[in-house]
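Here is the structure we will look at, set down as structure tokens.
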Amino acid sequence: MRHAVVRELCENVASPLSQLFKQPIPDLVWLGHPACDDVSMVGGKVASLSRLAAGYRVPPGFCVTTAVLDQWEEGSAPETPRRHVREALAGAYLALGERCGAHDPRVAVRSSAVDEDGRSASFAGQYDTFLNVSGIDGVIEAVGRCRATLQSERVIEYRRNVGLPAADNIRLAVLVQQLVPSDVSAVMFTANP
């Protein structure tokens, strides 16, 4: 019964998780849902991937929105979010497990900044990604570590070099997505003349 309630709440983006957790927090949004196209809420990487998921087979995942990360306990260790944020992540991870057919699915936890993948800066490799993460504690720690990347020297220097404002004003979202084990992988670079 509890699993069905959590799944229904996580799948229905129009219904805030606050009904379950008695705290006013924004929804976690699923790839392919129209709300996941809002760059100010999910960042450039997730918005692009969500548009792709609307028409193609993409492994399932949910986005921890900028508003949810804004509620992370300031100055806390990466693995210690506020209780209602932890509960929301646990519910979404449980629903992802049901979608994947696995109790503790292995996931990729990827950052998605609001100003990344833009016309003037891509931020490729600047923010952290964590692969092969499983279990809610591992997911929560990885989400917190992605969030902490905003203050890394690498990101601060990159922002300075491309003429963007300091990281204090930047909003970040995080994607938690089913990991697809691969036999072969590659990266392709393109150029736009």
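Results, tabulated for the structure shown:
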read-out	value
Net length gained if the chain between D104 and N169 were fully extended (0.36 nm per residue, minus Cα distance)	20.0 nm
Scaled radius of gyration (Cα, divided by 2.2 N^0.38 Å) that the range 136-193 gives	1.52
Segment V162-D37, extension gain: residue separation times 0.36 nm, minus the distance between their alpha carbons	42.5 nm
By average C-beta atoms within 10 angstrom, highest first, the peptides 100-109, 51-60	100-109, 51-60
Separation of the N132 and D70 label points, Cα + 7 Å toward Cβ, nm	3.7 nm
Net lengthening on full extension, D183/R82 (0.36 nm per residue, minus Cα-Cα)	32.5 nm
Alpha-carbon gyration tensor eigenvalues x 5, square-rooted, for the range 35-110, Å	22, 18, 9
Net charge over other residues, Cβ less than 11 angstrom from the Cβ of V180 (K, R count +1; D, E count -1)	+1
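Rule-based calculations on the coordinates, nothing more; no lab input. Small disclaimer: the values here were computed from a predicted structure and weren't measured. We place every Cβ from the backbone using ideal geometry, glycine too, and count neighbours over all the protein chains shown.
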